[in-house]
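Below you'll find the structure, written out as structure tokens, and then a few comments.
The values are calculated or read from the model by the stated rules, or taken from the named source; none is laboratory data. Worth saying up front: this structure is predicted, and the values here are computed from it rather than measured. Note that each Cβ is placed from the backbone with ideal geometry, even for glycine, and that neighbours are counted across all protein chains shown.
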Amino acid sequence: MSKIRIFSYLPNPRVWKSLITAKLAGVKIEVIGDKPKELSKWLWDFDARLISDEEKLELDSFKRKGKRGFEGHLYKTDSFIKEHPFGTVPAAFVGDERMGVFESNSILRAVARQSKDSSLYGGKNISLQSRIDSFLDVNLVFSREFQVYLLEMDDVLNSTYKRMKEAYEFYLNGVEEALSVSNFIVGNELTIADISFVCELSQFLREGHYVEALKKVDLVPISHSFQTDYPLCFSHLKTLSKKKEFSEIMGSYLDWYKM
């Protein structure tokens, strides 16, 4: 039995981080879930499952108002909320005690720690682990901003666009600088900082699908000159996304983008 089970909407690039890490590290994890609009038909729990309309009446005490991208009501057990007090997905359950771990980068770390060879998370070098954490924290700020940005794309505000542009430049400037002195983001070996970078940036680049929506408010995609402004970041994304362990999980997600 897997030591880590993840419940989420699918497909989810934030879950891909854990799946790629698991594949590279030889760690077994379970991922269950459904399309975002279908999760209102699921019981959110360690043993998450589809529920019928009849069952919803019996589970009325678990009915909670949807938030952060989910409309209507969701059905979350008390034990789910105990382990996941913020009530979000992806939601991981780790270890024999089924402890709740939330936020995709934290779940990513949990998977890496399960590996017998923990080099993806700095091995036994706690200083290196802390440096990896630093990049993951900045990555999280970037991902928080673009989550709001992409959700509001049909009616994007100038203030949201400005905040997103600042977060994009801050994150990629730092990664570009790091890649100018080493082969990977943290040193000369692949770590979970690189894995998170690939998955989050790939998701952000979806803004390229909204050229017309941005044009209506006299804006252009923030990443329109990504390849020339951040050549090292672009090359790193291209190289890693084509690696077998990445491409088997990401599939055709980036095929539309000129790599």
message: Quick check on segment 199-212. Is at least one of its residues over 27 Å from S18 (Cβ atoms) and surrounded by 14 or more Cβ atoms within 10 Å (Cβ to Cβ)?
response: yes
- line: W42: passes all of (1) surrounded by fewer than 16 Cβ atoms within 10 Å (Cβ to Cβ); (2) under 23 Å from the mean Cα position of the chain (by Cα) but (1)
Subset of segment 102-123 that is under 20 Å from the mean Cα position of the chain (by Cα) and without any contact (Cβ under 8 Å) to a residue 40 or more places away in the chain - its residue that is nearest to Q147 (Cα to Cα): E103
statement: Considering segment 1-23, residues that are among the basic types (K, R) and surrounded by 19 or more Cβ atoms within 10 Å (Cβ to Cβ), and then whichever is nearest to I195 (Cα to Cα), we arrive at K17
statement: Selection over segment 130-147 where residues are charged (D, E, K, R) and under 17 Å from E166 (Cα atoms) yields a count of 3
- request: Scan segment 193-215 and give yes if some residue there is over 22 Å from L10 (Cβ atoms), assigned to a loop (DSSP other than H, G, I, E, B) and either touching a residue at least 24 places away in the same chain (Cβ under 8 Å) or over 17 Å from the mean Cα position of the chain (by Cα) (or both), otherwise no.
  value: no
- line: Listed by first then second residue, the pairs whose first member lies in segment 28-48 and is in contact (Cβ under 8 Å) with a residue 40 or more places away in the chain, whose partner is of a type in the set (G, A, S), with beta carbons under 6 Å and at least 6 positions apart or on separate chains, are I29/S2; I29/A22; G33/S8
query: On the given criteria, is S119 modelled with pLDDT of 95 or more, of a type in the set (S, T, Y) and either touching a strand residue (DSSP E or B) at 6+ places or on another chain (Cβ under 9 Å) or in a helix (DSSP H, G or I) (or both)?
result: no
query: For segment 1-109, list the helices (runs of 4 or more DSSP H) that sit wholly inside it and hold at least 3 residues that are touching a Leu at 6+ places or on another chain (Cβ under 7 Å); which are they?
result: 13-25
